[in-house]
Every structure is written in structure tokens, then in C-alpha cells.
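First up is the structure itself, then whatever we jot down about it.
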């Protein structure tokens, strides 16, 4: 249930019962200082919902996971290349992955390892995994939107109680690892709605209604008069011009528990929840905590009505003075194996596998040659991803690298090709969709010439 608090401030901009126009319709502390319900709902009016509910779960691994230790092992390479792990066979003949992923190996027919992502920007941030673009690409004045902002803009809400674009990305010590990016030129109405705090066990501040007491919320006559007063005092921006349209929807958000219920995994079947393992709320240095049950939360949010769920998971930058690539892999890989296999299993058991796409990736790969500290350094020349669901042609590998995993030798893949595929999976043609920014410049979802991956769709 929403937590509701507030008190009268008694200034000239307050309503007759003591709360301001701004507080009245503000939910949480969204990016850029607060997002009004009118702003949140504007996209729903401008863009009609589709007849179905397709969704994307984006799992970002901050720091750059090692492609050749995860899903592109090189057992015949020299020792200083191949490392400590051995490949194991999967249930798809010819596909092998790291021995620390036995659960995924048994259901590889439901996955697609992409081994040849070849256009990483090389920056230590989430930008490319959240937008598809490089920061070095020409940037619109208002900024690039999060990919979920495009989905929210084009398809709107599934229902009035759950924002279409939500984030389970924790604030990180290295700030760019915790940023899902914002609405950019698509506006704040389409920005990711944050659902986690620095304290992983705390309720999101965006689930707290500022300036409204429980009594005020329950008093519908008072709410009605407050809305009327709000209309009379509307600002020059015209935010409230369509308040009659948003009124009922706003009250839906304020008075339902769909979003908070989705976040409450205690409502999940104990048998299902046990598949995911146990959360570790401790932060991994300047990365994210290992909240493995957020894989389950992401599925629950999709079922509640979210179209896009983005999350950051743990920390994957294991080099430098720590020299922890292989010991950390032994700790992290089994947890990722458990969480990801549980998510995909759930999607299939619930009949969501055709409608929900999953992507798991980081910002770049790791050096094939192990350094003097028994670890691997940054390697933008090639990286990997794991895909599932979305009615994609699973049970295959996309791309390959040379014998030392230094670069792609077959089917080099761009980040935007994967995004174009994800957009297609949810029913959006990224090749033709465009939006004119405030300068009148047409902006596209992906660069011209980028197509969905033919192997998958």
C-alpha cells in the first residue's frame, strides 16, 4: 500500500486545506525534481495502447562482464587466454557455455547467446545498454531518451496504475552505472519511473505521495474541490488543460496498490521464489547490490502492466589491484545462472515467453589475455549478450569470435541491432518511427540503415 504523508504549510500557494498545487500531483522525487501525474499520464493520451501487452526486461551488468568467461569460452587457446573455466555442453548440440551455468545449459533451447557485439563505445557507463547509442554520436539538445521512453511514448500504458517504463536500477558509487538515462527529447512523461532506493530494503520514494494525508486522499469531495482549485490556478504551461481526461487516471494511480503489490515478493509462491535464490543487499564496491530476486520482481512488474523494466545487477569490473576475475566469477556466475534461468522458466510456465523479451549484457567485454594480476582488463572490441523470449528464434548462437576471442569473425552485431529487434518484438517499427525535437529535427529510434536481426525475427 502507498505510504502517505504531509502537513499544512500555510502559504499563499496552498489549497484551502493546506497543500500546494505542486505537491498535490507529485509522486516521488523523480529525475529532474519530481514528475507530476499529468506529466506521467500525458503519453497515454497522446499515444494509444496496443491491443496486446508485450514487454522488455533489460538486465544491465555494470562494469563489463568477461565475454570469454561467460558464454564464449576458448578451451583450446593458450592458458593465459582460456583462463580457469571449462565449457560444458548444453541441451542444444554444438552450443557450449561456462561450467558455472548448469541451469542455463539445461535450457539453452530457450536462450540466444550473442557472441559478437562489436561496437562498444568503451565507456564505463550504462548509456549504450540503455539507449542503444554511443555518447560519441551526435547528441540532441534535450538528450537521448532511454529506450523504454520510446516504448512508453509509442504504446502508452497498459493500465492506469503502473507506469509503462520502470527502473530497478540502484544508485551506484560509480554514478553512470546506476543511470537508466531519462526521457530526453521525448520528455519527462516517458522517463523511467524509479522503484528502488540506495537502501535496497527501503521503499522507493516514488511510492510515497507527497503532501497528501490519508484523510485527504479518502475524502473524494475534498479531492474534487482541490482539482477544481488546481484548474482555476493552472500555470501558463497548460499542464492541466486536459485535467478532465487525466482526473480519473490520476486517482487510479493514487488509490490502487498494483505497483506496490508487484514489488512485494512475499506475495509470490514460496516454491517459485525459492528458484531465484536469496538477495544480498550489500553493495559490490561502487557497483550495484546482488538483488537476485529482482529478476522475479521484473516479471511481476510486467504482469502488473509495465512495458519496460530495466535493472542493474551486481558489479562486473574485476581487474586492477583486486585481481579478482576468477574468484569473483565463481561467486557471481552461479547466482546469475540461478536468477536468469528462474526468470525464463517463469516466463515459459506463465505463457509469457512469446510476449516478454529479455536481454542481459554489459558495456564491453574483457581482454583475452590475462593480466599480471590474474585478471582481465577492458576490451571494447567485442562483447556479448544473452537473449530470451520475445517469440525470437532461440536455441542458436549469433556470431563468433576468433580463436582468442579478440574480435568478431562472423556476424558482427551492433547494440542498435539488438534494440531494433527488441522494438520489433513489442510491435514497434524502429526503421520508420521518428520524433521531431524542439528544434524541428527528426530523431529516430536507431540510426538509419539499422534493421532488426533477421536470425531472430
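For a quick check of your reading of the model, give me the residue pairs whose first member lies in the stretch 170-193 and is under 17 Å from residue 287 (Cα atoms), whose second is in a helix (DSSP H, G or I), with beta-carbon atoms closer than 6 Å and at least 6 apart or on different chains.
What qualifies is 170/178; 171/178; 172/178; 180/130; 181/130; 181/131.
Using the structure shown, decide if residue 321 is touching a residue at least 60 places away in the same chain (Cβ under 8 Å) and over 17 Å from the mean Cα position of the chain (by Cα).
When the stated conditions are applied, residue 321 does not pass them.
If the requirement is being part of a helix (DSSP H, G or I), at pLDDT 95 or above and surrounded by 15 or more Cβ atoms within 10 Å (Cβ to Cβ), which of these qualifies: 273, 222, 254, 217?
273
If we only count helices (runs of 4 or more DSSP H) wholly inside the stretch 57-154, which ones have 2 or more residues that are surrounded by 24 or more Cβ atoms within 10 Å (Cβ to Cβ)?
Hits in the stretch 57-154: 67-70, 127-131.
Please enumerate the residues belonging to the stretch 429-457 that are surrounded by fewer than 22 Cβ atoms within 10 Å (Cβ to Cβ) and within 19 Å of residue 187 (Cα to Cα).
433, 434, 435, 436, 437, 438, 439, 440, 441, 442, 443, 444
Which residue, of 292, 297, is outside any helix (DSSP H, G or I), surrounded by 20 or more Cβ atoms within 10 Å (Cβ to Cβ) and either in contact with a helix residue (DSSP H, G or I) (Cβ under 8 Å, 6 or more places away or on another chain) or modelled with pLDDT under 85 (or both)?
Of the residues listed, the single one that is outside any helix (DSSP H, G or I), surrounded by 20 or more Cβ atoms within 10 Å (Cβ to Cβ) and either in contact with a helix residue (DSSP H, G or I) (Cβ under 8 Å, 6 or more places away or on another chain) or modelled with pLDDT under 85 (or both) is 292.
Please verify whether the stretch 398-409 includes one or more residues that are without any contact (Cβ under 8 Å) to a residue 24 or more places away in the chain and in a loop (DSSP other than H, G, I, E, B).
Yes, the stretch 398-409 contains at least one residue that is without any contact (Cβ under 8 Å) to a residue 24 or more places away in the chain and in a loop (DSSP other than H, G, I, E, B).
One line per residue, one yes/no per condition, for (1) farther than 19 Å from residue 54 by Cβ; (2) touching a residue at least 60 places away in the same chain (Cβ under 8 Å):
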{"site": "414", "(1), (2)": "yes, yes"}
{"site": "419", "(1), (2)": "no, yes"}
{"site": "429", "(1), (2)": "no, no"}
{"site": "438", "(1), (2)": "yes, yes"}
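Would you mind telling me which numbered condition in (1) crowded, with 24+ Cβ neighbours inside 10 Å; (2) within 28 Å of residue 433 (Cα to Cα) residue 159 fails?
(1)
Look at residue 420 and say whether it is out of contact with any strand residue (DSSP E or B) (no Cβ under 6 Å at 6 or more places or on another chain), in a loop (DSSP other than H, G, I, E, B), modelled with pLDDT of 95 or more and closer than 30 Å to residue 66 by Cβ.
Answer is no for this residue.
I'd like to know if the stretch 165-182 contains one or more residues that are crowded, with 24+ Cβ neighbours inside 10 Å, at pLDDT below 95, in contact with a strand residue (DSSP E or B) (Cβ under 8 Å, 6 or more places away or on another chain) and in a loop (DSSP other than H, G, I, E, B).
Looking for residues that are crowded, with 24+ Cβ neighbours inside 10 Å, at pLDDT below 95, in contact with a strand residue (DSSP E or B) (Cβ under 8 Å, 6 or more places away or on another chain) and in a loop (DSSP other than H, G, I, E, B), one finds at least one in the stretch 165-182, hence yes.
So for the stretch 352-368 (the condition being surrounded by fewer than 20 Cβ atoms within 10 Å (Cβ to Cβ) and without any contact (Cβ under 8 Å) to a residue 12 or more places away in the chain), does at least one residue qualify?
No, there is no match, as no residue in the stretch 352-368 is surrounded by fewer than 20 Cβ atoms within 10 Å (Cβ to Cβ) and without any contact (Cβ under 8 Å) to a residue 12 or more places away in the chain.
Which of (1) farther than 22 Å from residue 122 by Cα; (2) at pLDDT 95 or above; (3) not in a strand (DSSP E or B) does residue 446 not meet, given it meets every other one?
Every listed condition holds for residue 446 apart from (1).
Does the stretch 402-428 hold any residues that are in contact with a helix residue (DSSP H, G or I) (Cβ under 6 Å, 6 or more places away or on another chain), buried (at least 18 other Cβ atoms within 10 Å of the Cβ) and under 30 Å from residue 76 (Cβ atoms), and which are they?
The answer is 405, 415.
The values are calculated or read from the model by the stated rules, or taken from the named source; none is laboratory data. All values derive from a computational prediction rather than experimental measurement. Don't worry about glycine lacking a Cβ; one is built from the backbone with ideal geometry, like all the others, and counts go over all protein chains shown.
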